[in-house]
1. Percent of alpha carbon pairs in the chain separated by more than 36 Å?
2. Out of 153, 12, 61, any idea which swings most in a Gaussian network model of the chain, alpha carbons joined below 10 Å?
3. What residue among 36, 53, 130 has the largest mean-square fluctuation in a Gaussian network model of the chain, using Cα springs under 10 Å?
4. Setting aside same-chain residues fewer than 8 positions from residue 173, which lysines have a Cα under 29 Å from its Cα?
5. With both bridge residues required to lie in the stretch 53-192, what share of the DSSP beta bridges run antiparallel, to the nearest 5%?
6. Which trypsin sites (Lys or Arg not before Pro) in the stretch 13-85 pass both tests, a DSSP loop state and at most 16 other beta-carbon atoms within 10 Å?
7. Among rounded, prolate and oblate, which fits the stretch 1-107 when a ≥ b ≥ c are the square roots of the eigenvalues of its C-alpha gyration tensor, a/c under 1.5 means rounded, and a/b larger than b/c means prolate?
8. Can you work out D for the stretch 171-211 in µm² s⁻¹ from Stokes-Einstein, where Rh is the Kirkwood radius over C-alpha pairs, the temperature is 25 °C and the viscosity is 0.890 mPa s?
Amino acid sequence: MDLSNVEKIAYLGPKASFSEMAADIFCTKYNINPYPEPLKTIRQVIEFVDENPNVLGVIPLENSIEGSVRESLDSLMLTINPNVRILSQTIMPIRHCLLSKTTEFYSITGVISHPQALAQCQNFIHDEMPRNLNLVEAVSTAEAARSLANYNLTYAAIGSEKTAEVYNLNILKENINDDKNNQTRFALIGDFETEETGSDKTSLIFATENKPGALLEILHIFYENDINLSYIVSRPSKLKFGDYNFIVNFDGHIKNPKILNTLKEIKAKTTFMRLFGSYEK
């Protein structure tokens with residue numbers, strides 16, 4: 001995949017976010033140095049890629065604890081350009097820290113962070129923080145750290161060690177996430193073509209008629225073609241209550257004839273289908 005002409009790479013900012021760290025990994029992997037474009041929401045990242053040529057975006061897709069990142073999946077499905085696809089993925093360990101301007105852990109009365117980070121530290125918050133703790137949601141962990149400037153010394157943020165370094169904060173507690181194996185899967189997205197590597201997977205979204213056995217028919221097509229289905233999740237279609245879209249990951253690349261023929265069979269059984277991308281595992 002040739003990304004040498006990429007001009008910008010967008011990610012959920014501000015500086016020192018986990019998304020920026022993932023963007024650095026992708027830039028190193030593909031030996032590129034695009035101009036960083038930190039944005040305020042995941043939706044803005046996807047829209048930026050949708051509206052501009054020769055740019056990339058980095059979005060979180062799935063967390064090992066909280067599951068799929070709904071904003072990413074819903075926004076990726078709605079791009080005007082159907083060729084905006086997942087190009088690559090990386091799985092990052094997520095190690096949360098409690099950060100503050102103060103050094104006094106027991107003085108903390110409020111915690112600010114992204115909703116998923118708060119959810120990933122529920123046990124720590126329940127067991128070690130005051131019962132009347134004020135929880136404040138932010139659009140990213142980095143934005144939470146930056147916003148501490150607007151709060152008094154009794155507030156803390158949840159973020160990474162890099163966040164503490166960039167925003168000159170004290171680390172009050174390290175590795176506070178409930179699951180010490182907490183990981184997030186990030187995707188690199190853009191309007192570029194990937195090549196078959198022999199170890200690929202494809203992501204697809206589709207909808208079926210709302211009738212008995214409709215989904216089973218699709219799953220049977222994967223079975224008949226001996227294709228390993230590794231992931232399936234449903235999302236509300238937002239068109240009619242009770243109707244759902246299904247997102248699946250399966251082994252193989254869209255350029256493989258076997259996969260291409262399988263998708264033709266599946267399309268005939270769906271009311272809506274869109275490729276999210278084929279990329280190296």
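1. Roughly 23 percent, rounded to a whole number.
2. Looking only at 153, 12, 61, the largest GNM fluctuation is found for 153.
3. Sorting by GNM fluctuation, first place goes to 130.
4. 15, 40, 101, 162
5. Here the antiparallel bridges make up roughly 75 percent for the stretch 53-192.
6. The qualifying sites are 15, 40.
7. Prolate, because a/c is 1.5 or more and a/b exceeds b/c.
8. 156 µm²/s
Readers should treat all values here as calculations from the given coordinates under stated rules, not as data from a laboratory. Computed from a prediction, not measured in an experiment: that's the story for all the values here. All Cβ positions, even for glycine, are placed from backbone atoms using ideal geometry, and neighbour counts span all protein chains on display.
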